[in-house]
Every structure is written in structure tokens, then in C-alpha cells.
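Here, each number is a calculation from the coordinates, and none is a lab measurement. Note that this is a predicted model, so its numbers are computed, not measured. Ideal geometry is used to build each Cβ from the backbone, glycine not excepted, and the neighbour counts take in all protein chains shown.
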Amino acid sequence: MADLDENTPMTENTLTCIGSAAKAFTSALLAVLITEDKKKRGTLSWKTTLREIFGEEFRLTSDPVVSSHTTLEDILSHRSGVGSADALLMAQVYPEKYRDVLRRRLILLPKKGQLRGQFSYNNLMYGLAGMAAEAIGGKPYFELMREKLLEPLNITTAVLVDNLDYSQPLTSKPHQMIKGSVKRSDPRFYRLGPFSPAGGLCLSPTDLTKWLYFVNTLGTTPSKKRLVSSFDFMEMTSSKVALDFLTQLGFSLFDPYPQPSYTAWYGMGWFGRFYRGSVDFFHGGSMFSYNSVVVMDTIKQTGIAVTVNGLNPTILQLDLYPLAYYLKDLLLDKTPWLNKTTICSYPEPWGNPFFRPPPTQNVEEKYVGETGEFVGVFGHTLYGEVLVTDNNQSIDLKWGEVMKGTLYDRTNLLSFRLRVDDDVFSVLGSEIGDIKVVFNQFYSGQYNNLEITFQGMMEKYNFSRDVEFNFFLPSQSTSSSTARLISFTTEFCPFVLIMSILVNLFNRL
């Protein structure tokens, strides 16, 4: 169902959101811009540096090597070595109109590794790729996307999730399980702002099949117009960075599974894998209740897309990938190793069953006591400001538009756990996990530094009283207080309300 409350069915024209499977759309948009520039004998390529695009003032972390040498290819293949900031996305610190302010403050991002050293998934870098497209094309990201890619493919329903009209019957509504009942998910949490190029695209199943055609034909429209040169298209799907073992383990199948599947690399918006004699390009997407997986085989000219709008949380590797394997086997004319029984018991009988309890907040006792030394505004030039307030001798905390809660479980003089409000946790809980809040730097009768750690995302953020956050402040202040950063340590049986399965089998050559 597209909407359980209204008993609205899913149709081929109902909009659904595809999460990170939209990263390939952002890469394809840049591929179109590169192809157009080459026709004009320009120099734009995947190797073009961000500094060539944004100007000499551009900074990405405080490392001059990263700032001057990072290319489009680097940010699209998750090998920039820059720390992620997904909690910044979920807190909704930056409205869409301030995306350029965010870009000018990226000097304050921490490094996580070496440039081109390893794969490290980073949604913020895809947001930056969208900004690069704007700088190259001279128009807003989605306007360029519509003009350069969607309209030539006759994709007419596409919209960014921030602009999705949930009142329309042809919009699939996100759903989740709350206290044993299926409920509509609060749409105010489904806003990505400057992160939209990383996973904010929504479109109908009919239009999604047009995208499958575009990929299978290496960048051409149904009218046979080539939007992307075949060379630049193959650059998108070819290996740019090898995957570490833990990432491979999450996406691959080894013994004792009947058929091996080996995911070995990441291109630009696509994972690459070997499965039953074929080479596949695929990508999953997860935005709370909206989840998807797209699998392409450009040699055999097949494409699969599976999307769902519930229930949150969905685990792609357990809920959608098995169905994609089953459909892939059918398209390969091979006997599926999954059947009606094992697709429901997966990963059994080959692996241990996976128990998936609903996310809970592991807090026990709300703090009640003196609050004066804690309350106040703590800021960071990039990460925004955290408001800590007294609530009848308890302590409330708010970061961005939606991240808010109350402090619990004071384990020592400095450390607490944040119990986020129920409406926030019901949507974000499976992503953020436990949240630790630590106050330190006590002087002048108050704590002057605040540290928030999101255990689920393995991200840590620091805020200080002496740092003001303002969208109109100078962008690249690097005073000792604002530059004090701590590196991130990084990163068919479930009940589903709506599932659209698209299988596009083209004429075999």
C-alpha cells in the first residue's frame, strides 16, 4: 500500500524515494556535463579538481593536499579521506538555501584517512558533488538534473524529497512500526537539504524503468540520443577504489551459501560485484522508511529495481537483497537458489538467524539537580549550535531543527546519555543508536565545552561556548576554538507496506 491509513494502493505512477540509489543520478548528471564540455573542447573531466571548479579559495579540511588535489572522481568514489557528518544531515542544521555556506566551511571537516587511501562512505561528499554540478552548470542542482538528465529521458514525476507533497494520493507515505502498530512516519524528518544529491530523489516505478534503460545503454535516451560518452559512462561503473574486508563481507556471499557473490569495488555511485558468471553494478538506498536496491547488468542488458516504503528499520542485506538475487537468477535463466521458503528464512539455513529487536533507548534515570553550570548555547562554526536548557531541574538539549531530548544517566560529573524525544527516536533511532553527551572545560562557574558522540554512526562532534554559529559569519575562521575537532572513527518476508519491483529485460544481443 502507498498509504495504509487511506487504503491507497501502489501503482506504477506512485512516487517513491530511492535513498542512496540516487547517488548514481548525481554521478550521471556530472557525466552529462563532462560530455557536453568535451564537445566544446573543454577540459572538464573526472580528474578535474574541486579547486578548479570552486576557485583557489576552496578548502576541504585544513590539509592543503586534500584541498588542492581532491577531484570529482575522489568524492564520487568515497575515497576523499574526509570524515563523514551524517548526524549533521539528520539534525537538519543547514536549510537548503544555505548550502553554499556549508561548502565554504568545509575547511573545518576532520580527516579520516589519506586521500585515495581507502573506501569511506560519505554522504556529505555527494552533497558537495551536487554543488560542483551547480558551479559547472550555472543553475541549481535539481534544475540542472531536470534539464540535462530527467527531461531527455522523459522522466516526468521526479522530485526531491524535501519538496514531496505527502497530501497527494500518488505519493507513497513512509511507514514504521510503533509499539506494535503500523503508523505513518513523520515527514518532517525526511528532509536532506544540502545532502539531497546523496539520496533525495523520488520518482515513480514507470520513470525508474527509464533510468534502467539509460544505464543499460551506457548513457543514451530511448530516442537514441547519447547524453554521456560511452567512455565516461564506463568510467562511472569501473573500479575506483577497492573495498575493505568488512565492507565486502556486508555485501558478499561466501560459503556455505549455494552461490557466491563477491562485491569487490566501488565506482562513482555504483558498487561492483561478480555473481554467477556476470558482472553487476548495484546500489542500495536507505532513508529511514524508504529503501531500495538497483541492480544492473549492462552486458546481458537487464536491470532490477526494488523499492519499499516501510517498515523502518529495514536492513537491505536481509530484506531487499535476497529478493534481488532471486530476480537476478530468473533473468540469468538459472535456477534460483532461494525459494518461497528460504527467501523468508534468509539467512537461514546457511547462516545464523538474525534477531531484529526494535531500537530502544538504553537509559534509566533522568538527571534532576543543579543545571546552571550546564545550560547555555554551545557552538561550532561548521556543525551549528546546541541549546542546553533547564526544564524543572532537568536538562534538555536541542541541536538543529529536529535533534532534541533530555539528559539521563549521569555516570560521573561530566558524562550523560541523551534520551531523544520519542517522535525523533521512532524515525532516527535505528541510525543514531546510543548518544553520549560529555561536558568539560570547567571554569568561571560553568562547563564550556560539549561533546556529543553518536554510537550508531561512530561520529563525534564538539561544541564550545566561545564559538558563535551564524549563517552570515565569516566562513573560514580557523581560530583554535573553532578548529578544535576530534576525528570521526567512522563509519521476502518482513512485513512491507509497499513494494514495487521493476524488472527491465532488454533484447539480448
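Fewest first, what order do Val65, Val306, Val377 take by the number of other Cβ atoms within 10 Å?
On the way: Val65 11, Val306 26, Val377 15.
Result, fewest neighbours first: Val65, Val377, Val306.
Can you bin the stretch 212-354 into rounded, prolate or oblate? Criterion: square roots of the alpha carbon gyration tensor eigenvalues sorted a ≥ b ≥ c, rounded for a/c under 1.5, prolate for a/b above b/c, oblate for the rest.
Here the stretch 212-354 falls in the prolate category.
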What three numbers, in Å, describe the spread of the alpha carbons of the stretch 1-77 along their principal axes, ordered from the longest?
55, 35, 19
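What order do you get for Leu332, Leu316 when you list them from fewest to most C-beta neighbours inside 10 Å?
On the way: Leu332 16, Leu316 21.
By the 10 Å Cβ count, ascending: Leu332, Leu316.
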Cα pairs beyond 14 Å in the stretch 181-257, in percent, come to 78
What fraction of the Cα pairs in the stretch 99-226, stated in percent, has a spacing above 24 angstrom?
45
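Using a ≥ b ≥ c from the Cα gyration tensor of the stretch 37-148 (square roots of the eigenvalues), is it rounded, prolate or oblate, where a/c under 1.5 gives rounded and otherwise the larger of a/b and b/c decides, a/b for prolate?
Details: a/c = 1.69, a/b = 1.17, b/c = 1.45.
Oblate, since a/c reaches 1.5 and b/c is not below a/b.
Dividing the Cα radius of gyration by the Kirkwood radius, what Rg/Rh value follows for the stretch 102-147? Can you show the working numbers first?
Details: Rg = 13.0 Å, Rh = 12.3 Å.
Answer for the stretch 102-147: 1.06.
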Identify all lysines with a Cα-Cα distance to Lys210 below 22 Å; exclude those on the same chain that are fewer than 8 residues away in sequence.
Lys23, Lys148, Lys224, Lys225, Lys300, Lys328
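Could you tally the net charge around Val294, taking each other residue with its Cβ under 14 Å from the Cβ of Val294, Lys/Arg +1 and Asp/Glu -1? Walk me through the numbers before you get to the answer.
Numbers: positive: Lys23, Lys210, Arg273, Lys328; negative: Asp207, Asp280, Asp297.
Residues close to Val294 contribute a combined charge of +1.
With all distinct Cα pairs included, what does the Kirkwood hydrodynamic radius of the chain come out to in Å, to one decimal, could you say? Don't skip to the end; give the middle numbers.
Working: mean 1/r = 0.0420 Å⁻¹.
Its Kirkwood hydrodynamic radius stands at 23.8 Å.
Considering only DSSP states other than H, G, I, E and B, which trypsin sites (Lys or Arg not before Pro) in the stretch 156-215 qualify as loop sites with at most 14 other Cβ atoms within 10 Å? Walk me through the intermediate numbers first.
Working: sites: Lys179, Lys183, Arg184, Arg188, Arg191, Lys210; in loops: Lys179, Arg191.
Passing both the DSSP loop test and the Cβ count: Lys179.
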Beyond 18 Å, what percent of the Cα pairs of the stretch 376-464 remain?
41
Step through the residues of the stretch 364-380 one at a time and calculate ³J(HN,Hα) from phi using the Karplus curve (6.51 cos²θ - 1.76 cosθ + 1.60, θ = phi - 60°), rounding each to whole Hz and writing x for Gly and Pro.
10, 10, 5, 5, 9, x, 5, 10, x, 6, 9, 5, x, 10, 10, x, 8
Dividing the mean separation of Cα pairs under 8 Å (6+ apart) by the residue count of the stretch 376-464 yields a relative contact order in percent of 21
